[in-house]
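The block underneath contains the structure these notes are about, expressed in structure tokens.
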Amino acid sequence: MARRAGDWLDGPVEPLPEGSWPGEALGLPREGPGTIAGTGSRLLALMVDLVVGGLIGAFVFSLLQDPDEGLRATLGTGAFAVQLIVLQALTGQSIGLRLARLRVARLAAPNGPPGLLPAAIRTALLCLVLPALVSDADGRGLHDKAAGTAVLRV
């Protein structure tokens with residue numbers, strides 16, 4: 001169930017008024033490119049990015065001599081975070097977002113990539129998991145609200 005960022009502890013979010021749509025209050029269209037991405041496509045993109053990060057981390061782990069086993073998860077998480085920050089900052093799309101036909105946009109300038117700082121803020125909070133689970137009526141998680149971004153359909 002979606003929650004508003006400001007009062008998510010108070011209970012469920014009221015449904016959007018009849019005739020309105022997610023992203024309307026943000027100036028986003030009702031249909032087509034530039035609309036707020038759905039939960040399913042966002043989860044698909046996240047799963048792909050987690051697998052890619054894990055594979056990169058495993059590859060780097062295999063190159064190390066006598067690595068500490070605890071390093072494996074750290075390398076996977078680090079590879080996940082680095083690929084998200086770099087690709088989203090430069091193109092607005094990670095590998096998973098590209099495959100799911102989504103992009104991250106900064107709401108202040110929605111036609112371009114979000115840039116380094118918003119991508120870093122968004123990724124750091126995404127790695128904490130909880131901020132991504134708490135979303136508002138527009139479908140933006142706390143990580144997107146903090147970064148001033150939204151995930152949109154291409």
- Task: Out of Ser41, Ser20, report the one residue that is of a type in the set (Ser, Thr, Tyr), at pLDDT 90 or above and on the phi < 0 side of the Ramachandran plot.
- Result: Ser41
- Item | Only one of Arg101, Arg140, Arg122 that is in contact with a His (Cβ under 7 Å, 6 or more places away or on another chain), under 22 Å from Thr35 (Cβ atoms) and not polar (S, T, N, Q) | Arg122
- Item | Total residues in the range 129-154, condition in contact (Cβ under 8 Å) with a residue 12 or more places away in the chain and part of a loop (DSSP other than H, G, I, E, B) | 8
- Give me a count of the residues in the range 87-128 that are assigned to a helix (DSSP H, G or I) and under 13 Å from the mean Cα position of the chain (by Cα). 17
- Item | Within the range 41-56, considering residues that are small (Gly, Ala, Ser) and over 8 Å from Phe80 (Cα atoms), the one surrounded by the fewest Cβ atoms within 10 Å (Cβ to Cβ) | Ser41
- Message: Being over 18 Å from Pro22 (Cβ atoms) and either in contact with a Lys or Arg (Cβ under 8 Å, 6 or more places away or on another chain) or of a type in the set (Asp, Glu) (or both) is the filter here; which residues of the range 114-146 pass it?
- Response: Pro114, Gly115, Pro118, Ala146
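The values are calculated or read from the model by the stated rules, or taken from the named source; none is laboratory data. These numbers were taken from a predicted model, which means no experiment stands behind them. Methodologically, a virtual Cβ is constructed for each residue, glycine included, from the backbone with ideal geometry; neighbour enumeration extends over all protein chains shown.
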